[in-house]
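Please read the structure below before turning to the comments.
The values are calculated or read from the model by the stated rules, or taken from the named source; none is laboratory data. What you see is a predicted model; the values in this text were computed from it and never measured. Here Cβ is always computed from backbone atoms with ideal geometry, including for glycine, and neighbour counts include all displayed protein chains. All accessible areas refer to the heavy atoms of the entire protein, side chains included, with ligands and DNA or RNA removed. Shrake-Rupley method; radii C 1.70, N 1.55, O 1.52, S 1.80 Å.
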Amino acid sequence: MLRKAILLGAFTTGCTFFMPPQQKKDLQGFTAGFINSFSAIKTLIESLYDYQVELTKYEYNTEEYHQQRSIIHQRVADRILRLSIENKGVYLKAGQYIGNLERVMPREFTQTLRVLQDQGPQVSFEDVKIVLEYEFQKPIQELFTSFSHKAIAAASLAQVHQATYDGKDVAVKVQFPQLRVQYRYDLMIIHNIAKLCDFVVSNTSTSQLNFSDLFTTFRKALEKELDFTLEVQNAEITRNNFKNNSRIYIPQFYQYSQRVIIMEFIDGVKINDVNKLKNPRECANILIDMFGQMIFKHGHVHCDAHPGNILIREQNGKQQLVLLDHGFYTDIDQEMLQNFRCLWNNIAKFNYKQVEQYALKLGIKKDHIEFLPLIFFYRTISSKKKLGDAFSIEERQYLRNKDLVTLENINALLRSMPPEIMFIIRAANLVGIHNALLGGTTRDRLLKFTEYSVKNSEKSVWKQKFEWIKLKIALFLFEFFGLIPK
């Protein structure tokens with residue numbers, strides 16, 4: 001098999017000699033996808049062996065079992081990290097996606113793969129030039145007065161260069177040239193791996209896992225992200241939604257195609273560079289306000305808010321948040337949005353009968369409803385802790401004894417949710433990570449989100465205010481007297 005891959009690479013090199021530049025990259029992308037499949041399959045086989053053979057040597061749900069499972073989680077996470085870096089492109093994007101699933105995927109996965117968020121490969125200036133000239137059908141010197149050969153940022157699917165365009169200082173986002181073909185092959189391999197995983201686990205006690213469903217959701221998001229015209233559309237909607245908020249800014253777009261965007265260059269500080277921020281807590285509040293409105297008011301949610309996509313700059317003496325990279329959004333229709341608001345509100349005020357009602361309206365199965373407080377508020381249905389507090393030792397033991405927090409259970413819950421709600425969870429997790437780094441508290445974030453969920457409901461303004469007062473009273477009675485209002 002390896003010999004065939006080497007021969008294919010040599011054949012491709014020979015064929016590309018007579019091809020136009022973009023077609024050369026297309027053929028190279030096909031070859032790269034084929035070669036990538038070998039390391040992907042190797043990673044799969046080794047990981048399946050760990051879970052299906054090594055882990056089964058220990059009695060289920062014992063202390064020894066949990067210790068060994070953590071070791072195996074770490075081993076598999078290390079393999080995925082290596083695979084993501086080596087194969088790049090779609091595989092790197094998948095690794096970033098897993099690393100963002102804080103409190104959903106095992107901690108070993110999220111902590112290990114988090115390093116991928118600000119890491120991306122760079123291609124040569126010649127490769128960038130190929131895409132620019134193919135997309136705009138002009139020599140690069142006719143498009144730009146100046147163009148930096150070295151990228152100022154790189155991600156999983158594209159990289160950004162600084163340039164001068166029509167007298168303006170601009171950032172030019174260019175998709176990697178081989179992805180036009182390679183992403184289809186990579187997705188085909190990952191899809192087949194997902195189906196194989198489903199086949200393997202279908203005869204085990206973890207039969208609730210469905211990797212194909214997760215793959216389908218990932219593929220749809222990826223295909224949208226690869227179309228830069230959709231990114232511009234998303235950004236313009238967000239610009240309009242926050243047009244009256246001077247603390248939030250979306251860069252201007254000057255020219256774009258499916259694989260290139262020429263936009264306003266913004267000089268700012270990454271939101272995770274805390275030591276360079278004038279007031280980190282204020283930045284956290286701006287971020288929470290923005291996402292609270294995205295999720296509970298507009299239903300148009302940015303789902304890729306890693307540090308490289310959020311800059312802070314000084315504007316008129318105030319800190320301003322600049323939101324970049326609008327390729328990955330989820331849109332929620334009004335009926336689903338109202339049901340989600342009501343679901344959130346009722347979890348906040350412990351009305352679990354109403355939680356069940358709105359969960360069912362969202363398509364969430366009755367068996368999975370008990371996990372919702374855990375996912376959204378990090379507490380169990382029987383929790384006695386204050387909003388935002390960490391789990392007590394007793395609660396952690398309870399969760400372990402009841403076997404509630406497992407990848408299988410969480411996966412089953414996510415599968416029963418609409419994809420839009422799953423992406424909201426992802427976005428909220430990223431906001432939570434930034435908020436903690438900036439010195440904010442989980443309690444403040446959850447209260448602010450809850451306030452937005454109440455004040456953007458379809459009720460009258462006075463009823464919204466009354467509901468917010470009722471909710472604060474319910475929290476007070478529970479946290480200070482242990483009472484759950486009826």
With the other protein chains left in place, how much accessible area per residue, in square angstrom, belongs to the chain at a 1.4 angstrom probe? 48
If ligands, DNA and RNA are left out, what is the accessible area of Glu142 with a 1.4 Å probe, given in Å² to the nearest 10? 120
Work out the FRET efficiency for Glu264 and Leu196 from their Cβ-Cβ distance, taking R0 = 41 Å, and round it to the nearest 0.05. 0.35
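Could you give the length gained on full extension between Asp367 and Thr442, defined as 0.36 nm per residue of separation minus the Cα-Cα distance, in nm? Mind showing how you got there, number by number?
Details: separation 75, 0.36 × 75 = 27.00 nm, distance 2.72 nm.
Additional length available on full extension: 24.3 nm.
I'd like the projected area of region 421-486, averaged over all directions, using the convex hull of its alpha carbons. Report it in nm² with one decimal.
Working: hull surface 23.5 nm².
Computing the convex hull of the Cα atoms and averaging its projections yields 5.9 nm².
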So how compact is the chain: Cα radius of gyration and Dmax in angstrom? 24.0, 79
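Step through the table entries Lys42/Lys195; Lys129/Lys224; Lys297/Lys349; Lys365/Lys465, compare each Cα-Cα distance with 26 Å, and write down the pairs that go over it.
Lys365/Lys465
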Run the helix sum for the chain: -39,500 (n - 2.57) per DSSP H stretch of 4+ residues, divided by residue count, reported at 222 nm to the nearest 500 deg cm²/dmol. -18000 deg cm²/dmol
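Which value, in debye to the nearest 20, gives the size of the charge dipole of the chain about its Cα centre, when Lys and Arg are +1 and Asp and Glu are -1 at the Cβ?
Numbers: 62 positive and 52 negative charges, 207 e Å.
In debye, rounded to 20, the chain gives about 1000.
Restricting the count to DSSP beta bridges whose residues both fall in the chain, what percent are antiparallel, rounded to a multiple of 5? Display every interim value, and only then the final one.
Details: 31 of 33 bridges.
Expressed as a percentage, antiparallel bridges in the chain total about 95.
Contour minus end-to-end for Leu55 and Ser39, with contour as 0.36 nm per residue of separation and end-to-end as the Cα-Cα distance?
Contour length minus the Cα-Cα distance gives 3.5 nm.
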Just tell me which aspartates and glutamates come within less than 18 Å, Cα to Cα, of Lys385; anything on the same chain fewer than 8 places away is out. Glu370, Glu394, Glu395, Asp444, Glu479
One would report the Cα pair-distance distribution of region 131-282, bin width 10 Å, in %, as 9, 28, 28, 21, 12, 3, 0
Keeping all protein chains in position, work out how much accessible area Glu135 exposes to a 1.4 Å probe, and write it in Å² to the nearest 10. 50
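I'd like the FRET efficiency for Phe125 and Lys168, computed as 1/(1 + (r/R0)^6) with the beta carbon distance as r and R0 of 25 Å, rounded to 0.05. Provide the component values of the computation, followed by the final result.
Numbers: r = 21 Å, r/R0 = 0.83.
Computed FRET efficiency for Phe125 and Lys168: 0.75.
Going by the alpha-carbon gyration tensor, a ≥ b ≥ c the square roots of its eigenvalues, is region 311-393 rounded (a/c under 1.5) or, if a/c is not under 1.5, prolate (a/b greater than b/c) versus oblate?
Details: a/c = 2.73, a/b = 1.54, b/c = 1.77.
Judged from the Cα gyration tensor, region 311-393 comes out oblate (a/c at least 1.5, b/c at or above a/b).
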Once you order the gyration tensor axes a ≥ b ≥ c over the Cα atoms, which shape class does region 237-376 get: rounded for a/c under 1.5, otherwise prolate or oblate by comparing a/b with b/c? prolate
So what are region 73-153's ellipsoid semi-axes, whole angstrom, largest first, if each one is the square root of 5 times an eigenvalue of the alpha-carbon gyration tensor? 36, 11, 10
Suppose we keep just the alpha-carbon trace of region 29-70; what are its Rg and Dmax in angstrom? 15.4, 47
